[in-house]
1. Check Glu592, Glu572, Glu663 and return the single one that is touching an Asp or Glu at 6+ places or on another chain (Cβ under 7 Å), farther than 21 Å from Ile536 by Cα, of a type outside the set (Phe, Trp, Tyr) and in contact (Cβ under 8 Å) with a residue 24 or more places away in the chain.
2. Would you check if Tyr279 is over 30 Å from Ser364 (Cα atoms), modelled with pLDDT of 85 or more and either charged (D, E, K, R) or under 23 Å from the mean Cα position of the chain (by Cα) (or both)?
3. Checking Lys372 against (1) surrounded by fewer than 22 Cβ atoms within 10 Å (Cβ to Cβ); (2) within 22 Å of Asn441 (Cα to Cα); (3) in contact with a strand residue (DSSP E or B) (Cβ under 8 Å, 6 or more places away or on another chain), which test does it fail?
4. Take Lys113 and tell me if it is within 47 Å of the chain's Cα centre (by Cα) and open to solvent by 20 Å² or more (accessible area, probe 1.4 Å).
5. May I ask you to list the residues in region 52-105 that are among the aliphatic types (A, V, I, L, M), assigned to a helix (DSSP H, G or I) and closer than 21 Å to Gln206 by Cα?
6. Can you find even one residue in region 338-347 that is surrounded by 20 or more Cβ atoms within 10 Å (Cβ to Cβ), touching a helix residue (DSSP H, G or I) at 6+ places or on another chain (Cβ under 8 Å) and either at pLDDT 90 or above or within 25 Å of His286 (Cβ to Cβ) (or both)?
7. On the given criteria, is Ile641 surrounded by fewer than 20 Cβ atoms within 10 Å (Cβ to Cβ) and either assigned to a strand (DSSP E or B) or in contact with a His (Cβ under 7 Å, 6 or more places away or on another chain) (or both)?
Amino acid sequence: MRYHSIFKIHLRFMARKKIFQFLYGLVILITLCNGCLAQVTTDNDTAFLYINPIQLNKNLTEKEKSIVLDALIKYNVRNSVTTTIQVQPNDNIYSIINKNFNFSDSKDYYSAKVISDNIKKLNNIDGGNKIYSGDILTIPQFPSKPGKLSSVTYTQLVSNNSNHIITYKTEDVVHNNMSYNEPMEQTAAQSQASLWAIKASESQIQEIFDSIPSEILSKIYGPAILEFTQPHNINVKFPDTSKSIDIESFKMGEVEKVVDSQISKIDPQYFGKYYVLDYFGESCSHGNKVYNVIQQIFKDYNIEIPKEKIVLVPINYYQNKEASLSFLKSYYSNMNDNGDSELKLKKLDGLSTVENLKRMNTPSDESAIPEKYLSARINTCYDSTPDVISASFYATVYEADVMPKYINSSTNFVVAGLDEEGKIIEDLSFRTPSPHTKIGNIEPLYTCYTQYTILGSIIVGCLMNDSSFFGIYSKNGDRVTTLGTGIGWGNNEFNCILSKDYGTSFATPEIAAKLFIAKAFWRSKQQTIDPKEARIRLLLASDIKPKLIGKFASGGVVNLSKLIQIKNGFTETNSGIISSSTIMPGSYIQYENSCTLLFQRLKHNDPSSICGIYFSDNSSYCFIESSMIWEKMDILNIKIILKSGEFIDTLNSVSEIKNKYREIISLSNPN
């Protein structure tokens, strides 16, 4: 994956879990330079922990780095991974450290002191640095600090079974081929090998992690460390149900279909790509049901879209293992590392996984897929920069790179909220994984939630009727973006989906399809709208439902007639007529404590502004762009100046506005 500075992935400690009875692989990667990683691979009960000392310098202070070194040294000492040397004339502790470990007390004071303290303890040296020529000292077996010409191509390896540092090609160690390939000469260690490797059991690797303070470990993890399990299956779940319910009690109002006739006349050339990530298999698989919803949306709006514009992407692996394995091999084989050391290791790791998967039996659980396969599918879709990706599934994952780690300027990732009744999305923050809790992330939802402010991600809830919903929501009305219709899709000519099927699985493609249509319309009008602005437009295109305010950012459901508006703004009359309008400078709203906000789109020099207002009965609801939610507001004074064509209408009170309009929206500020 590409890494951009604008995107810093949050700390995520990844769990490890034995799935298979043979060739279980665990990989931990710690970034070097622009991303070279440390990596753990396991073969039965043997693990290799790769550490990149250069990245430690980048991520940690000198004192913090010394604490990590101390944990590694103490582990080696506890396991008798030591060697002996003879003190030479004019030697002292620090000259020995410099000769054997390439750490200098002048340049690496804290690290050199840690090594010194451990040597003194091993040899019962009390105080000072008093050692004598000819003495035999026991020193911890520890790799050398990399030299200026070091490379990720080579790794210094230390093992419980040996008291010698041996340098191998990193590729050989990753593939566990040390017994088949000769090691390099020891003299190459300092000049060429930039990685350290410790051969141990998985439990011993965990012992090292446990001895490093969490606040320091957190700086090594996150953007600087990725954890892989190879090969590792995860179970995919779908946020929907097929329980029998009284459909009539959840009957929706008429689906909003009265849309500008221009929609059905969009030239096919303006449609981008819509990638549907799901489980596609037999004729009525889950993915086929999701596709039924998409087909019905296009039918409702009388739109014919070329089939190649909707790409059905199977995330199921074992049902078509040969083709899936071929895809995975191609993904890693064609990965261009561009000289990036992290990607070099990832490529090696991925190709090793492909070889391991060839020997894997198909698990009995049909929902199981290899974690790396899901990662490859998601990232391939995102790399293709489609207009929309939708995902009506979730899985607990343990790798840090299942989701993209950079932002593209085209794609909105539309994901289904969970089907956990009565649960709030804020609880996802308590599911952050760590080596200690061994809890994984719920993806793709977790990344879309935690990176919501910088990504154009859209999280969808499930609307059951005009005011009730099913599944997860937000206690702050934040980050569950909007709701789609989650029930009733079975009553159409696309008879794979059943009337009793309901949930966010089917609400999600409705939102994704509407956004896909809107993007094509905007493009046909030479409007360039990036993913974050597209999400704001989605929020401003709501038909507000007061009971949903404070639970969903949109406070209602998406109205495509509003979403396709391309002028400076629009109004909706009390009779439901939507017309383009421009909200002129001088418009404002004054609310509690005489706070005044301008009615306009947010500007860089303004702390906040209101760009939407909606009236329902005796209540007013406003969209504050800085908080990205609709919320109830008690208005003290208001002035809205509307321009339609050459006509300007100045409205000076709530009652005057309510007599004419249900909603007023500003989409862009007039020039």
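1. Working: Glu572 fails: farther than 21 Å from Ile536 by Cα; Glu663 fails: farther than 21 Å from Ile536 by Cα.
Sole residue among the options that is touching an Asp or Glu at 6+ places or on another chain (Cβ under 7 Å), farther than 21 Å from Ile536 by Cα, of a type outside the set (Phe, Trp, Tyr) and in contact (Cβ under 8 Å) with a residue 24 or more places away in the chain: Glu592.
2. Numbers: over 30 Å from Ser364 (Cα atoms): no; modelled with pLDDT of 85 or more: yes; either charged (D, E, K, R) or under 23 Å from the mean Cα position of the chain (by Cα) (or both): yes.
It is false that Tyr279 is over 30 Å from Ser364 (Cα atoms), modelled with pLDDT of 85 or more and either charged (D, E, K, R) or under 23 Å from the mean Cα position of the chain (by Cα) (or both).
3. (1)
4. yes
5. Initial filter on region 52-105 (among the aliphatic types (A, V, I, L, M)): 54, 56, 60, 67-69, 71-73, 77, 81, 85, 87, 93, 96-97.
Keeping just the survivors that are assigned to a helix (DSSP H, G or I) gives 54, 56, 67-69, 71-73, 77, 93, 96-97.
Of everything in region 52-105, those that are among the aliphatic types (A, V, I, L, M), assigned to a helix (DSSP H, G or I) and closer than 21 Å to Gln206 by Cα turn out to be Leu56, Ile67, Val68, Leu69, Ala71, Leu72, Ile73, Val77.
6. Looking for residues that are surrounded by 20 or more Cβ atoms within 10 Å (Cβ to Cβ), touching a helix residue (DSSP H, G or I) at 6+ places or on another chain (Cβ under 8 Å) and either at pLDDT 90 or above or within 25 Å of His286 (Cβ to Cβ) (or both), one finds none in region 338-347, hence no.
7. Answer is yes for this residue.
Per-residue answers, yes or no, for (1) open to solvent by less than 40 Å² (accessible area, probe 1.4 Å); (2) under 16 Å from Val460 (Cα atoms); (3) of a type outside the set (Phe, Trp, Tyr):
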| site | (1), (2), (3) |
| --- | --- |
| Gly488 | yes, no, yes |
| Leu498 | no, no, yes |
| Ile517 | yes, no, yes |
| Phe521 | yes, no, no |
| Gln526 | no, no, yes |
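The values are calculated or read from the model by the stated rules, or taken from the named source; none is laboratory data. This is a predicted model, so every value here is computed, not measured. So basically every Cβ, Gly included, is an ideal-geometry build from the backbone, and we count neighbours across all protein chains shown. Side chains are part of the model used for accessible areas, which takes the heavy atoms of the whole protein and leaves out ligands, DNA and RNA. Shrake-Rupley method; radii C 1.70, N 1.55, O 1.52, S 1.80 Å.
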